[in-house]
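S.K.: This structure is in structure tokens; I'll ask about it shortly.
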Amino acid sequence: MAPDPWFSAYDATCQIAQEIAEKIQERNQYERRGEKSPKLTVTIRALLQNLKEKIALLKDLLLRAVSTHQITQLEGDRRQNLLDDLVTRERLLLASFKNEGAEPDLIRSSLMRDEAKRGAPNPWLFEEPEETRGLGFEEIRQQQQKIIQEQDAGLDALASIISRQKQMGQEIGNELDEQNEIIDDLTNLVENTDEKLRTETRRVGLVEKKSASCGMILVILLLFVAIVVVAVWPTN
């Protein structure tokens, strides 16, 4: 498995920074003796420019790795811290080259401080978190892939939950539509029934009126018959 290109570029950049510190220290020794070293100055300038370009490359690689999810956010933060420290050292080297800051031997010792402590050739091992300390590139890569897979699994589970909720929402919406249709049908039925009830009520009222009229006529007829009978009935 090929090494991570970011760490390879970081390793090369740290080597350049270390070389610049050594060259600046060598130039300062010439100057203390009252000697000039124009070739050494030109070399340092070229190395500083190369260091600047390498740092820009590291920034681009890190941005690409984070944006395409090739590494986790935690690993991205860890690499950003390494990159920030390297940018700070670049500024110190530039200031030292201009005789405005710390001596290059202090900068060089800071570059190799953790390397000397661990006896390891990898300068990016300083301030390494506990979860990756002592792991090789392949082990770190496998750890990152495992974390990414777990994150992907979590996202898949979340997507499945959202999909089920969406389906449930659609089913509830369909059921509500059906219930609304039933309510509309019931409303129409009630309105029709109410109208029929009012019609029948009017009819019953008319029948009652007619019945009352017929009864009155019958009573009048009976009275008339009775009067006639009494009138024509012979009296003794």
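S.K.: Limiting things to C-alpha atoms, what are the Rg and the maximum Cα-Cα separation (Dmax) for segment 58-102, in angstroms?
M.R.: Calculated on Cα positions, Rg and Dmax stand at 13.9, 42 Å.
S.K.: Could you sort 17-28, 33-44 so that the peptide with the highest average Cβ count within 10 Å comes first and the rest follow in order?
M.R.: Most protected by this proxy first, the peptides run 17-28, 33-44.
S.K.: Could you tell me which of Ala157, Gln167, Leu197 has its Cα farthest along the dipole of segment 142-203 towards the positive end, charges placed at Cβ (Lys, Arg +1; Asp, Glu -1), taken about the Cα centre?
M.R.: The one lying farthest along the dipole's positive direction is Ala157.
S.K.: Cβ neighbours within 10 Å, averaged per peptide: list 64-71, 219-226 in order, most packed at the top.
M.R.: The densest-packed peptide leads the list: 64-71, 219-226.
Only the coordinates and a few stated rules stand behind these numbers; no lab work does. A quick note: this is a predicted structure, and the numbers were derived from the prediction, not measured. Quick reminder, even Gly has a Cβ in these numbers, built from the backbone with ideal geometry, and neighbours come from all protein chains shown.
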